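**Q** Mind looking over this structure? Questions follow.
The values are calculated or read from the model by the stated rules, or taken from the named source; none is laboratory data. The shown structure was predicted, so the numbers you read here are calculated from the model rather than taken from an experiment. Cβ atoms come from the backbone with ideal geometry, glycine included; neighbour counts cover every protein chain shown. Remember, those area values only see protein heavy atoms, side chains included, never the ligands or the DNA or RNA. Shrake-Rupley method; radii C 1.70, N 1.55, O 1.52, S 1.80 Å.
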Amino acid sequence: MANTHAQLTAPEISQLWSDCLSDTLILCQLRYFEQHVEDQEIAEIIHTRIEKTREHYGFIVDQFNAIGYPIPVGFNENEDVDINSDRLFTDHYMLEFLRQLSQISMNAYGTAAAFSTRPDIRQFYADRLQDSQQLNEEATSLGIDKGYVIIAPSLPIPSKPDFVKKKSFLTGWFGERRPVTGSEITFLFANIQRNAIGAATMMGFAQTTESKTLQRYFQRGKDIANKHIEIFSSILRENDVPVPMTWDTEVTDQTSFVFSDKLMLYQTLALNSLGLGFYGLSMSNSPRHDLGVHYTRLMAEIAQFTEDGTELMIDHGWLEQPPQAANRRQLMNE
């Protein structure tokens, strides 16, 4: 068996570092949710997720301590959240947040497990993947029971197998557009849902920041998310496919401090990064030309928004240096 004390590889240490930082952020959010959630069934899911996240964080800290690697500063309950502040989000939002978190985590942990080579790290991510799958099952089942989750549309059943006969299958802008495929519907539907929770999050952040600069930035993020929702929704409506709901009504009128500007800006950048990845995946699964053009254009818009947010993080001294290769030129000069 491979040595569990072998040096961590670049993929392993990079993913552990990123997860360590993310765990501290998620703990702040979940502790706030735990303080304000009213539905007991949702409260139980939140409590379990807090315990799991603390357990995961502890494992990563142990790995870093074992090799003398600095622990990321991240976020903490004393500075980055006021769990006793007034309620900002409804129970409905909290449950959908958990469901989206599970889907993001399944994607991230599956990739981390595939790129890890040390057996204990592979097992760690295999366990985290299983935890995320369990969270998705619980949040989705409860959401369906409560009528919160909008189920994706179904497709007609063909009478027999068939083959694409015309190159017009790829047509998007000119000529007669074919109906969207099941795969294209899947990604359009999912991207509307992710943008909807993102728009609601940006609304909550814009309401509670004291910085006018960040307020404008979060409002810009909300506007971008709503614009993308409308573009994707118009394509579904054109094909008589039901459109998912938005989440703006799940944000209260709370305006006082809830989360620190550092936490809110970091989460915005994290959501942007995930959005870019999902759009890339969506484009690769959408052969109709107009959809590819839409995804390319919208990805560029998110990339610019992300760059502007990253500059704000650097200006405030909030952006932690991720693991990186040695600067050989600097070492030679020294």
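**Q** Might you tell me the accessible area per residue for the chain, computed with a 1.4 Å probe and given in Å²?
**A** Per-residue accessible area for the chain comes out at 52 Å².
**Q** In square nanometres and to one decimal, what's the mean projected area of the convex hull around the Cα atoms of the stretch 20-177?
**A** Taking the Cα atoms of the stretch 20-177, their convex hull projects to 15.4 nm² on average.
**Q** Along the charge dipole of the stretch 211-334, which of PRO287, GLN304, ALA325 sits closest to the positive end, that is, farthest toward it, with unit charges on the beta carbon of Lys, Arg, Asp and Glu (+1, +1, -1, -1)?
**A** Looking along the dipole axis, the top candidate is ALA325.
**Q** At 1.4 Å probe size, with the rest of the protein present, what percent of the exposed accessible area of the chain is carbon and sulfur atoms?
**A** 54
**Q** Rounded to whole Å and ordered largest first, report the semi-axes of the equivalent ellipsoid of the stretch 258-325 derived from its Cα gyration tensor (root of 5λ).
**A** Taking √(5λ) for each eigenvalue gives 28, 13, 11 Å, largest first.
**Q** If I fit a long axis through the Cα atoms of helix 212-238 and take the longest principal axis of the Cα atoms of the chain, what angle between them do I get, 0 to 90°, rounded to 10?
**A** With rounding to tens, the tilt is 30 degrees.
**Q** So, one more: Tell me the accessible surface of LEU101 in square angstrom (1.4 angstrom probe, heavy atoms of protein chains only), to the nearest ten.
**A** 30
**Q** By how many degrees, 0 to 90 and rounded to 10, does the Cα axis of helix 289-315 deviate from the longest principal axis of the chain?
**A** It is inclined by approximately 20 degrees.
**Q** What distance in nm separates the simple spin-label points at LYS146 and ARG87, each placed 7 Å from Cα in the Cβ direction?
**A** Simple spin-label model gives 1.1 nm for this pair.
**Q** Can you tell me what the convex hull of the Cα atoms of the chain projects to on average, as an area in nm²?
**A** 21.8
**Q** To continue, here is another question. Quick check for me: using +1 on Lys/Arg Cβ and -1 on Asp/Glu Cβ, what's the dipole size of the stretch 38-168 about its Cα centre, in debye to the nearest 20?
**A** In total the dipole reaches around 1280 debye.
**Q** Quick one: helix 119-145 against the long Cα principal axis of the chain, what's the angle to the nearest 10°, folded into 0 to 90?
**A** 50
**Q** With n ≥ 4 as the cut-off for DSSP H runs, can you work out [θ] at 222 nm for the chain, using -39500 (n - 2.57) per run divided by the number of residues, rounded to the nearest 500?
**A** Value at 222 nm, helices only, nearest 500: -23000 deg cm²/dmol.
**Q** Positive end of the charge dipole of the chain (Lys, Arg +1 and Asp, Glu -1 on Cβ, about the Cα centre): tell me which of THR140, ALA206, THR111 has its Cα farthest that way.
**A** Towards the positive end, the residue furthest out is THR111.
**Q** Project the alpha carbons of the stretch 26-106 onto their principal axes and report the range along each, largest first, in whole Å.
**A** 43, 29, 18
**Q** Taking 0.36 nm per residue of separation and subtracting the Cα-Cα distance, what length does fully extending LEU155 through ALA325 add?
**A** Result: 56.3 nm gained on full extension.
**Q** Let me ask something else about it. Just to be sure I understand: if I project the alpha-carbon convex hull of the stretch 93-242 onto a plane and average over all orientations, what area do I get in nm²?
**A** With every direction weighted equally, the projected area is 14.1 nm².
**Q** Please get the size of the charge dipole for the chain, origin at its Cα centre, with Cβ charges of +1 on Lys and Arg and -1 on Asp and Glu, quoted in debye to the nearest 20.
**A** 1680
**Q** So, one more: Report THR246's accessible area, 1.4 Å probe, all protein chains in place, as a number in Å² to the nearest 10.
**A** Taking all protein chains as shown, THR246 has close to 70 Å².
**Q** At 0.36 nm per residue, and after removing the present C-alpha to C-alpha distance, how many nm does the segment from ASP127 to ARG297 gain when stretched out fully?
**A** Difference between extended and current length: 57.5 nm.
**Q** Placing unit charges on C-beta atoms (Lys and Arg positive, Asp and Glu negative, everything else neutral), compute the dipole magnitude of the stretch 19-113 about its Cα centre in debye, rounded to 20.
**A** Taking the Cα centre of the stretch 19-113 as origin, the dipole is about 340 debye.
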